[in-house]
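The values are calculated or read from the model by the stated rules, or taken from the named source; none is laboratory data. If you're wondering where the values come from, they're calculated on a predicted model, not measured in any experiment. Because the Cβ atoms are built from the backbone with ideal geometry, glycine has one as well, and the counts that use them run over all protein chains shown.
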Amino acid sequence: MSKKSVAKEAEEILLATDMIQLGARLQVLQAETSLSYDRLARLYREVKECSPPKGMLPFSVDWFMTWLPNIHSSVFYSIYRYLDTHTPAKKSRALVEAYRLYAEQADGGLGTPPGEEPVLSFTRAWMLIRFFDSNLLQLSYCERCKGGFIAHAHDPQAGFVCAICRPPPRAGKTRKRRTTSATAKVASTSPRAAASGKAADADSKRDAIALTQAGVAAGKLAKGPAGRTRSRRAANVSLHDTPELSPLASSGALSET
Ligand SMILES: [Zn+2]
């Protein structure tokens, strides 16, 4: 109780509030702040108007390897790494800012519909960074599109092709099941509906590609307050955040948009 700074505590409460709004679990808040469990639980109830969910955190490394989560997590992690290295936002602040940017881009650049969670939840995004910090994961660079994608640590990098350049044959089935469950039910019985199932599949692939393009393309994102614009621009270069590109970004080569 002795030397606890009020300013520091206020900062932590604001950080925790941001994280709760983005969907953080209580365990995440406990790890990222020094606030007591009781205060965090109370804050959670105030912000969300419901009790915090119980149970274990999702801790699977393999989840990040399945194709759609891999694309989403790779976009998120690239934004996070860019913000953490090139802006004043560090660690948990960078996590919050990066997750906001990711959520804006998550649904094919349209943003996540209200009441729905993006493919990569905030808690998983937090786990992802911890996995990187523990050297369980690495970024592998696709030899076709040159983007950095999440892979198991020590996986061979030579000849790596990403999940966008070479989507698996069954890519998009999960999303189809979730979004068009009615169609999917018929799809298994009639050949006509099976065709529409294929269309949903193609939609899902297009979404994934749109997501990446949103993360890569410069232009049309330049509107809005200056700070916002800069962080959006950060997102634009993030997936290709190679050493050769970073000077380009900092020299303002991308700023004429
Ligand atoms: Zn690729």
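For segment 96-111, check the following and say yes or no: at least one residue is among the hydrophobic types (A, V, I, L, M, F, W, C), surrounded by fewer than 17 Cβ atoms within 10 Å (Cβ to Cβ) and more than 12 Å from the chain's Cα centre (by Cα).
Looking through segment 96-111, at least one residue is among the hydrophobic types (A, V, I, L, M, F, W, C), surrounded by fewer than 17 Cβ atoms within 10 Å (Cβ to Cβ) and more than 12 Å from the chain's Cα centre (by Cα).
If A98 passes every condition in (1) in contact with a Gly (Cβ under 7 Å, 6 or more places away or on another chain); (2) among the aliphatic types (A, V, I, L, M); (3) closer than 20 Å to L14 by Cβ but one, which one does it miss?
(1)
Among the listed residues L14, L40, L22, which satisfies the condition of being without any contact (Cβ under 8 Å) to a residue 60 or more places away in the chain, in contact with a helix residue (DSSP H, G or I) (Cβ under 6 Å, 6 or more places away or on another chain), under 22 Å from Y99 (Cα atoms) and not assigned by TED's automatic domain parsing to the domain that holds A94?
On inspection, the qualifying residue turns out to be L40.
Please identify the pairs in which a residue from segment 118-144 that is in contact (Cβ under 8 Å) with a residue 24 or more places away in the chain has its Cβ atom under 6 Å from the Cβ atom of a residue that is within 16 Å of the ligand (Cβ to nearest atom) and not in a helix (DSSP H, G or I), counting only partners at least 6 apart or on another chain.
Here the result reads L137/I150; L139/G148; Y141/G148, each pair linking segment 118-144 to a residue that is within 16 Å of the ligand (Cβ to nearest atom) and not in a helix (DSSP H, G or I).
From the set of residues in segment 146-161 that are free of Cβ contacts under 8 Å to residues at least 60 places away in the same chain and within 15 Å of I71 (Cβ to Cβ), which is farthest from the ligand (Cβ to nearest atom)?
Top of the filtered list is F160.
For segment 11-114, list the helices (runs of 4 or more DSSP H) that sit wholly inside it and hold at least 3 residues that are β-branched (V, I, T); which are they?
Working: elements: 26-32, 37-48, 67-86, 91-105.
Because the criterion is at least 3 residues that are β-branched (V, I, T), the helices (runs of 4 or more DSSP H) in segment 11-114 that meet it are 67-86.
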